[in-house]
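Inspection log for the structure reproduced underneath, given as structure tokens.
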Amino acid sequence: MVNFQLWLEHTLSNVDPVATFMRTRWGWPTVESVHFIGLTLLFGTIAAWDLRLLGMAKRVPIVAFHRLVPFAVLGFAINATSGSMFLMTEPDQYLYNRAFQFKLLFMALAGLNVVVFYLAVFRRVSRLAPGVDAPPAVKVFGATSLACWIAVIVCGRLITWYRPDRCDLTQAIGFLAACIPR
Amino acid sequence: MLDPYLSWLESTAFSTWMRESTSIFAFPIVLALHTIGLGLIAGLNVALDLRILGFAARIPVPEFRGFVPLMWVGLWLNVTSGLALLAAYPTKALTNPVFYLKLGFIGVALVILKVVRRRLPTEGMAVTMSMTRNFRILAAASILCWAGAITAGRFLAYTYTRLLVDSVPRP
């Protein structure tokens with residue numbers, strides 16, 4: 001995995017046009033603002049849907065909230081793009097950062113939760129009439145999603161707190177290096 | 001003018017703890033809570049705005065009343081965490097015009113939310129076209145205000161001139 005991290009760091013650091021733009025006076029702050037606007041779009045629309053699954057606004061048929069999903073997807077696309085721009089500018093600050101590694105883990109869990117939700121229960125959920133409470137098994141998906149996205153936000157904000165130190169390559173051996181091997 | 005007060009605030013135990021503690025529960029977790037609160041109030045408000053603008057038309061607008069209390073939870077979470085962050089670096093925020101711009105955007109967004117909330121149609125009530133149009137203007141303004149507040153908030157980290165009351169001003 002450490003070799004993969006090294007390769008990724010090398011590959012990402014070679015996307016020069018992005019890094020050049022990000023290093024201009026207002027490049028980084030602007031993209032950061034966009035990242036937080038994307039966060040709002042993603043979290044707000046996902047939370048509304050999750051909270052409906054958990055029993056709020058019960059008079060609304062669950063499928064109605066499905067119409068807000070494109071905005072969640074838009075928010076995610078905005079953040080995947082802006083997030084990649086940070087990564088291409090300072091790859092070592094993210095790839096060897098425990099907070100970033102956990103952020104990706106929680107994003108993967110949230111993604112897995114969505115996939116299983118659509119494959120396993122969406123068909124049943126979409127037939128639920130207004131006013132009907134979602135079955136407990138479905139609530140688990142809502143709670144998992146909400147918890148994962150909150151964890152993603154927390155880990156994201158902790159990235160600057162867990163700035164990785166430098167270490168030599170032999171110390172970095174392990175499943176995932178949490179220091180910058182040199 | 002404000003300097004004596006800023007100096008006093010920065011010397012309080014709470015301010016010092018927020019700023020200098022190595023505990024993750026000082027600055028980092030408060031910052032994370034501030035972002036979760038943002039997601040709740042601005043995120044759910046934008047979802048309501050999008051509904052008013054005509055998206056997800058199958059969700060009855062009155063049903064958004066159910067989410068309003070949660071928006072207030074987000075707001076109070078952010079008033080509290082925001083005050084703690086302000087206590088940590090009062091000079092940094094209060095000497096930066098962008099901070100007041102952020103507060104202005106939030107103020108307008110909250111007034112809009114109050115107005116929209118009060119006029120949300122109740123069940124069975126017909127929504128006239130003009131009302132719908134005014135609603136849409138308010139919803140669009142609300143989205144712009146939240147985007148403005150978020151952008152101003154992010155820029156606080158880059159536009160301040162004085163970090164602490166005694167620090168050398170940045171160019």
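For A:Arg67, indicate whether it is over 14 Å from the mean Cα position of the chain (by Cα), at the interface with another protein chain (Cβ under 7 Å from one of its Cβ atoms) and within 28 Å of A:Ala129 (Cβ to Cβ).
Working: over 14 Å from the mean Cα position of the chain (by Cα): yes; at the interface with another protein chain (Cβ under 7 Å from one of its Cβ atoms): yes; within 28 Å of A:Ala129 (Cβ to Cβ): yes.
Yes, satisfied.
Quick one: which helices (runs of 4 or more DSSP H) sit completely within the stretch A:1-98 and have at least 2 residues that are farther than 24 Å from A:Val154 by Cα and not aromatic (Phe, Trp, Tyr)?
Hits in the stretch A:1-98: A:2-12, A:16-22, A:62-65.
In the stretch A:130-141, which residue that is more than 12 Å from chain B (Cβ to nearest Cβ) and not β-branched (Val, Ile, Thr) is nearest to A:Arg182 (Cα to Cα)?
Taking the candidates together, the pick is A:Phe141.
Pairs under 8 Å by beta carbon, first residue more than 10 Å from chain B (Cβ to nearest Cβ) and touching a residue at least 24 places away in the same chain (Cβ under 8 Å) in the stretch A:142-155, partner acidic (Asp, Glu) and in a helix (DSSP H, G or I), six or more apart or different chains?
Close Cβ pairs (under 8 Å, with a partner that is acidic (Asp, Glu) and in a helix (DSSP H, G or I)) amount to A:Gly142/A:Asp50; A:Ala143/A:Asp50; A:Ser145/A:Asp50; A:Leu146/A:Asp50.
Could you give me the residue pairs with C-beta distances under 8 Å whose first residue belongs to the stretch A:156-168 and is away from every other protein chain (no Cβ under 14 Å) and in contact (Cβ under 8 Å) with a residue 24 or more places away in the chain, whose second residue is outside any loop (DSSP other than H, G, I, E, B) and polar (S, T, N, Q) wherever it lies, and which are 6+ apart or on separate chains?
A:Pro164/A:Gln93
All but one of (1) surrounded by fewer than 16 Cβ atoms within 10 Å (Cβ to Cβ); (2) more than 8 Å from chain A (Cβ to nearest Cβ) hold for B:Met18, so report the exception by its number.
Failing condition for B:Met18: (1).
Restricting attention to the stretch A:39-64, which residues are charged (D, E, K, R) and more than 7 Å from every other protein chain (Cβ to nearest Cβ)?
Of everything in the stretch A:39-64, those that are charged (D, E, K, R) and more than 7 Å from every other protein chain (Cβ to nearest Cβ) turn out to be A:Asp50, A:Arg52, A:Lys58.
Could you please find all residues in the stretch B:53-67 being assigned to a helix (DSSP H, G or I) and surrounded by fewer than 17 Cβ atoms within 10 Å (Cβ to Cβ)?
Pass one, the stretch B:53-67, residues assigned to a helix (DSSP H, G or I): B:61-67.
Matches in the stretch B:53-67: B:Pro62, B:Arg65.
State yes or no: is B:Val168 more than 14 Å from every other protein chain (Cβ to nearest Cβ), part of a loop (DSSP other than H, G, I, E, B) and without any contact (Cβ under 8 Å) to a residue 24 or more places away in the chain?
For B:Val168, the condition - more than 14 Å from every other protein chain (Cβ to nearest Cβ), part of a loop (DSSP other than H, G, I, E, B) and without any contact (Cβ under 8 Å) to a residue 24 or more places away in the chain - is met.
Among the residues of the stretch A:5-21, is any among the acidic types (Asp, Glu) and surrounded by fewer than 15 Cβ atoms within 10 Å (Cβ to Cβ)?
Looking for residues that are among the acidic types (Asp, Glu) and surrounded by fewer than 15 Cβ atoms within 10 Å (Cβ to Cβ), one finds at least one in the stretch A:5-21, hence yes.
Of all residues being small (Gly, Ala, Ser), part of a loop (DSSP other than H, G, I, E, B) and within 24 Å of the chain's Cα centre (by Cα) in the stretch A:127-182, which is farthest from B:Gly39 (Cα to Cα)? Just the residue, please.
Going through the stretch A:127-182, the residues small (Gly, Ala, Ser) turn out to be A:129, A:131, A:134, A:137, A:142-143, A:145, A:147, A:151, A:156, A:172, A:174, A:177-178.
Narrowing the set further to residues that are part of a loop (DSSP other than H, G, I, E, B) leaves A:129, A:131, A:134, A:172, A:174, A:177-178.
Those left that are additionally within 24 Å of the chain's Cα centre (by Cα): A:177-178.
Numbers: A:Ala177: 31, A:Ala178: 29 Å.
Checking each candidate, the answer is A:Ala177.
Residues are listed down the side, and each one gets a yes or a no for (1) free of Cβ contacts under 8 Å to residues at least 24 places away in the same chain; (2) buried (at least 19 other Cβ atoms within 10 Å of the Cβ); (3) of a type in the set (Ser, Thr, Tyr); (4) at positive phi:
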position: A:Ser82; (1), (2), (3), (4): no, yes, yes, no
position: A:Pro91; (1), (2), (3), (4): no, yes, no, no
position: A:Phe100; (1), (2), (3), (4): no, yes, no, no
position: A:Gly111; (1), (2), (3), (4): yes, no, no, no
position: A:Leu119; (1), (2), (3), (4): yes, no, no, no
position: A:Arg123; (1), (2), (3), (4): yes, no, no, no
position: A:Leu128; (1), (2), (3), (4): no, no, no, no
position: A:Pro135; (1), (2), (3), (4): yes, no, no, no
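When you scan the stretch B:27-48, do you find a residue that is in contact with a Phe, Trp or Tyr (Cβ under 8 Å, 6 or more places away or on another chain), closer than 30 Å to B:Arg118 by Cα, modelled with pLDDT under 95 and more than 8 Å from chain A (Cβ to nearest Cβ), even just one?
Yes.
What number of residues within the stretch A:35-80 satisfy the criterion of being surrounded by fewer than 20 Cβ atoms within 10 Å (Cβ to Cβ), β-branched (Val, Ile, Thr) and either under 13 Å from B:Val46 (Cα atoms) or without any contact (Cβ under 8 Å) to a residue 60 or more places away in the chain (or both)?
So the count comes out to 3.
The values are calculated or read from the model by the stated rules, or taken from the named source; none is laboratory data. The structure displayed is predicted, hence computed values, not measured ones. No Cβ is skipped: glycine too gets one built from the backbone with ideal geometry, and neighbour counts run over all protein chains shown.
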